[in-house]
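Only the coordinates and a few stated rules stand behind these numbers; no lab work does. The structure presented is a predicted model; accordingly, all values stated were derived computationally and were not measured.
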Amino acid sequence: MNDNSTPLTDDAVLAYLTENPAFLDRRPEALLHLVLPGSARGDGVVDIRDFVVRRLKDELREMRDGTDALIQTTRINMSLLNRTHQAVLTVLQGDEKGTLGETVADDLTLLLDVDVAALRFENAGRLPARSAPLATLPEGYVDMVAPRERPIALRAQAKGDERLFGGGAGLVASDALARLEPGNGHPPGLLALGDRHPGAFSEEQASDLLSFVARVVEHCVRQWTFGDRPGAPG
């Protein structure tokens with residue numbers, strides 16, 4: 001160091017090492033000049049074993065905690081996936097029996113762990129009678145709550161709407177709405193799930209599994225023909 005050099009301070013050294021975390025990889029001999037916590041032996045030899053062991057134990061603990069969290073998340077995701085697959089099979093079976101509306105209301109609540117589930121359509125009177133009578137939503141309601149550009153609405157705070165949830169509306173404090181657009185002359189609708197706990201659904205949640213169930217419901221309705229209406233010519 002020449003006389004014009006500014007002496008290094010602890011903060012300056014720390015700042016340099018922070019900005020250059022690979023320094024010891026490039027210059028491992030620097031360890032020979034360090035006195036690490038609890039490592040000075042008094043004979044000029046730096047023993048870093050205790051320091052390294054403590055560091056490895058800390059890293060192992062962090063790794064174990066991360067692994068446990070990953071396993072728990074994987075189990076939850078597998079449970080959701082299995083319940084979704086069972087829900088899809090139940091929807092298909094309900095449609096085959098001509099009870100799709102009842103199946104959604106009775107079975108999806110258990111399979112998807114919600115308090116209320118409903119299948120609703122605008123102008124539901126136009127639909128073939130392939131299920132229990134479906135409540136009619138006002139025209140434009142579907143566009144209002146689940147427009148085409150945002151076909152899944154996850155609302156952390158929601159006041160239960162009787163037009164969606166009927167007598168179960170009073171239970172709903174959070175809901176998930178999936179737009180249904182079967183086409184083939186059928187009106188738009190909603191697959192609605194309601195939960196009594198605020199925050200049960202939120203915009204941060206993934207919606208792919210709900211969207212998958214909704215597409216299956218949509219496909220079932222698309223196959224309905226107006227000849228299925230009672231009294232209609234076959």
When N is the residue count of region 135-234, what does its C-alpha Rg come to as a fraction of 2.2 N^0.38 Å? 1.16
Quick one: work out Rg over Rh on the C-alpha atoms of region 77-122, Rh as Kirkwood radius. 0.99
